[in-house]
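Each remark here refers to the structure printed beneath this line.
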Amino acid sequence: MNSKTITKKQMNQLIKYSVDVFGFTEELFMENAAAAVIRNIALEARENFAIICGPGQKGRIGLKIARILL
């Protein structure tokens with residue numbers, strides 16, 4: 001697979017463009033990020049786990065992950 005990475009600044013520009021031009025919400029981006037994380041967790045291999053959230057965007061995504069898994 002050939003993948004490319006983008007900088008934080010580029011990602012923020014992409015999100016702003018998507019919100020301004022297509023009317024997407026930041027909430028939608030948070031939900032999609034949480035769903036992507038969950039898809040990459042081997043839930044069947046875990047008996048239990050903890051989600052620890054800090055402040056800011058990543059903390060918001062962590063809370064969404066916890067909400068989805070509950």
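The values are calculated or read from the model by the stated rules, or taken from the named source; none is laboratory data. Note that the structure is a prediction, hence the values are computed from the model and not measured. We place every Cβ from the backbone using ideal geometry, glycine too, and count neighbours over all the protein chains shown.
For the condition surrounded by 10 or more Cβ atoms within 10 Å (Cβ to Cβ), out of contact with any His (no Cβ under 7 Å at 6 or more places or on another chain) and not in a helix (DSSP H, G or I), ILE68 does not qualify.
Here is the figure for segment 34-54: residues that are surrounded by 12 or more Cβ atoms within 10 Å (Cβ to Cβ) and either assigned to a helix (DSSP H, G or I) or in contact with a Lys or Arg (Cβ under 9 Å, 6 or more places away or on another chain) (or both) total 5. If the condition is being modelled with pLDDT of 90 or more, of a type in the set (A, V, I, L, M, F, W, C) and either assigned to a helix (DSSP H, G or I) or under 9 Å from the mean Cα position of the chain (by Cα) (or both), then segment 23-33 contributes only LEU28.
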